[in-house]
Amino acid sequence: GAVVSQHPSWVICKSGTSVKIECRSLDFQATTMFWYRQFPKQSLMLMATSNEGSKATYEQGVEKDKFLINHASLTLSTLTVTSAHPEDSSFYICSASGGPLAREQYFGPGTRLTVT
Amino acid sequence: KQEVTQIPAALSVPEGENLVLNCSFTDSAIYNLQWFRQDPGKGLTSLLLIQSSQREQTSGRLNASLDKSSGRSTLYIAASQPGDSATYLCAVRPDGNKLVFGAGTILRVKS
């Protein structure tokens, strides 16, 4: 149980275009989903926390207009990188939990974004 | 602000060795601490989760300890195997359900 999927697993896009990444909880209802970013050989940095049906809470320094997060259902959250630039190239990982008091988060396999 | 540090940054050992990975955190007020494994280009696999009231957790050849008062945790891997080669991440949950990660230890087990 507790499986989280991401789609796509990798994507290459041109500078200036937008890219959408999906995060799905396959066998449980994810009240809360998290989006992380990981640069090569660095750790995961939390970008934002989203609760189903409400606006995402962004971490300091993360541009909410650039990284649009939607959590419209209990099994799906999306991250849209708008007007992507090469510096947005990174590994994006989502995680999901059953809510604020849930014991742990379950992580997706990640999406490698390359902006050319 | 909670900060998590992992030492060493990288470790290379011959197969069969027992090894210890270290994790320290600056604020002892945590709900739990978790160790993850990450293979190159992949997501995270949870290895062990230690609640703040616990001192250790074991799973197979893995044993994780937690000393909350001193802000330290260790992950002990017994009889290492080449398949253990990966990056090991330590993360603490300070409040709510956010996680704060360390930078990881890159482990290479040579056959």
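The values are calculated or read from the model by the stated rules, or taken from the named source; none is laboratory data. Not measured: the values here are computed from a predicted model. All Cβ positions, even for glycine, are placed from backbone atoms using ideal geometry, and neighbour counts span all protein chains on display. When the accessible area is computed, the model is the full protein with side chains, heavy atoms only, and any ligands, DNA or RNA have been set aside. Shrake-Rupley method; radii C 1.70, N 1.55, O 1.52, S 1.80 Å.
Could you please state how large a percent of the accessible area of region B:10-109 is carbon and sulfur, counting protein chains only and using a 1.4 Å probe?
Carbon and sulfur: 47 percent of the exposed surface of region B:10-109.
Please get the size of the charge dipole for chain B, origin at its Cα centre, with Cβ charges of +1 on Lys and Arg and -1 on Asp and Glu, quoted in debye to the nearest 20.
140
Given a Förster radius of 30 Å and the C-beta distance between A:Asn51 and B:Asn63 as r, what FRET efficiency does 1/(1 + (r/R0)^6) yield to the nearest 0.05?
Working from the Cβ atoms, E equals 0.30.
With a 1.4 Å probe on protein heavy atoms only, work out how much accessible surface B and A bury together, total over both chains, in Å² to the nearest 100.
1500
Throw me the Rg/Rh for chain B, computed over C-alpha atoms with Kirkwood Rh, two decimals.
Dividing the radius of gyration by the Kirkwood radius yields 0.96.
Exactly which trypsin sites (Lys or Arg not before Pro) in region A:1-60 are in a DSSP loop and have at most 15 other Cβ atoms within 10 Å?
Answer by residue number: A:Lys14, A:Lys41, A:Lys55.
Note the direction-averaged projected area, equal to a quarter of the hull surface, for the Cα convex hull of the protein assembly as shown, in nm².
12.2
Springs between alpha-carbon pairs under 10 angstrom, Gaussian network model over chain B: which of B:Leu21, B:Leu48, B:Leu11 fluctuates most?
So, out of B:Leu21, B:Leu48, B:Leu11, the one fluctuating most is B:Leu11.
Two decimals is fine: what's Rg over Rh for chain A, C-alpha atoms, Kirkwood radius as Rh?
0.95
Say we join alpha carbon atoms closer than 10 Å with springs in a Gaussian network model of chain B; which of B:Arg61, B:Arg72, B:Arg37 then has the biggest fluctuation?
B:Arg61
What does the accessible area per residue of chain A come to in Å², with a 1.4 Å probe and no ligands, DNA or RNA counted?
So chain A comes to 50 Å² accessible per residue, rounded to a whole number.
So which of B:Lys68/B:Lys110; B:Lys42/B:Lys68; A:Lys55/B:Lys42; A:Lys55/B:Lys68; A:Lys14/A:Lys64; A:Lys20/B:Lys42 end up more than 24 Å apart by C-alpha?
As for pairs spanning more than 24 Å Cα to Cα, those are B:Lys68/B:Lys110; B:Lys42/B:Lys68; A:Lys55/B:Lys42; A:Lys55/B:Lys68.
Which residue fluctuates most in the GNM of chain A (Cα springs below 10 Å): A:Gln42, A:Gln105, A:Gln60?
A:Gln42
Evaluate the charge dipole of the protein assembly as shown about its Cα centre and quote only its size in Debye, nearest 20, assuming +1 on the Cβ of each Lys and Arg and -1 on the Cβ of each Asp and Glu.
For this selection, approximately 160 debye.
Please work out the Cα center distance from region B:39-111 to region A:56-116, rounded to the nearest Å.
Answer, in whole Å: 23.
Counting pairs of alpha carbon atoms under 8 Å apart in space and at least six apart in sequence, what relative contact order in percent does chain A give?
Here the relative contact order equals 37 percent.
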